[in-house]
Structures are given as structure tokens and as C-alpha cells.
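Encoded as C-alpha cells, the structure appears first; notes follow it.
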Amino acid sequence: MPMDTRDNTESTMALIRATCSDCGDVELRSRDLTIRVCRQNQTSSYRFRCPVCAMIEVRAAQDHVFQALLAAGVRHVQWNLPAELAEPHVGEGITHDDVLDFHELLTTKDWFDTLAAMTRH
């Protein structure tokens, strides 16, 4: 992710080159990116919306990239892993057949009542 600090009439923010999965290399300003840092494991990533196709891209940020983006004025936010990751998981996993059965159930008129009856304790 090369950075160029040249001035232009729009802004004096750093010019940052990133790669969109569809469009290839694109140019962004510091305000166009966000650094995300996970509170639990301290991993970081950055995200941006491609200025060409508008797709949101998320990339892992190694420490040197993280530091360079911070130095360029990119804002950062902290986030938490979902609480569900710490929940105990019991029972068998969902199989492909389970997904097909559920799909078939959703095609019936009374799918909600059937599902509610299946989940009553």
C-alpha cells in the first residue's frame, strides 16, 4: 500500500493506493479508509469503499501497514469479537441435508408453525 503525500487542490491528506478485488489499484485519501483493531487479539485490518465500483474491501493490516496508515491520518476504531464465539456449542453440527430440509420446510404454507413446534421444549 504505497502512500504519496503530494498536495492537490482537493485536500492535503495523504494519497493512499489500495487494491480493489474487481478494479485493481485505486487511489484513496486518508478519510476514505478506516483501520479496525480487535480488542481481544489485537489483530488489525483496514477497510475502504472502492471509488470505482463502490464495493467495500477489507484487508488484514500487518504492523507496518497499520503504523503507516495511522501516520497518514487514517481514523481507527476498536471492535469486539462476537460473544457467540465464547458460548459452549453442544449437539451435532448442521449438515448439508439439514440445510436442504430447512429449505424445503420454508416452501410450505405453515413453515413457521412447524418450526415453532419443533423448537418447543
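Evaluating residue 37 against the criteria (1) at pLDDT below 95; (2) β-branched (Val, Ile, Thr); (3) under 27 Å from residue 17 (Cα atoms) leaves one unmet condition, (1). When each of 27, 57 is tested for being of a type in the set (Asp, Glu), surrounded by 11 or more Cβ atoms within 10 Å (Cβ to Cβ) and in contact with a Ser or Thr (Cβ under 7 Å, 6 or more places away or on another chain), the lone residue that passes is 57.
Is it the case that residue 32 is acidic (Asp, Glu), within 19 Å of the chain's Cα centre (by Cα) and surrounded by 11 or more Cβ atoms within 10 Å (Cβ to Cβ)? Here the answer is yes, as residue 32 does meet what is asked.
Where in the stretch 37-121 are there helices (runs of 4 or more DSSP H), lying wholly inside it, with at least 1 residues that are closer than 21 Å to residue 13 by Cβ and in contact (Cβ under 8 Å) with a residue 60 or more places away in the chain? Let's see the steps before the verdict.
On the way: elements: 63-71, 96-106, 111-119.
Passing ranges, in order: 63-71.
I want to confirm something. Restricting to the stretch 68-97 and keeping residues that are under 12 Å from residue 37 (Cβ atoms) and not aliphatic (A, V, I, L, M), which single residue is surrounded by the fewest Cβ atoms within 10 Å (Cβ to Cβ)? For the stretch 68-97, the residue satisfying everything is 80. Look at residue 34 and say whether it is out of contact with any Asp or Glu (no Cβ under 6 Å at 6 or more places or on another chain) and outside any loop (DSSP other than H, G, I, E, B). Answer is yes for this residue.
When restricted to residues that are without any contact (Cβ under 8 Å) to a residue 40 or more places away in the chain and small (Gly, Ala, Ser), the stretch 23-36 contains 1. Is it the case that residue 65 is at pLDDT below 95, of a type in the set (Val, Ile, Thr) and surrounded by 15 or more Cβ atoms within 10 Å (Cβ to Cβ)? When the stated conditions are applied, residue 65 passes them. The residue that is modelled with the lowest pLDDT, counting only those in the stretch 13-31 that are in a loop (DSSP other than H, G, I, E, B) and not polar (S, T, N, Q), is 13.
The values are calculated or read from the model by the stated rules, or taken from the named source; none is laboratory data. Here the structure is a predicted model, which is why all the values come from computation and not from measurement. When we count neighbours, we look across all protein chains shown, and the Cβ atoms used for this are built from the backbone with ideal geometry, even at glycine.
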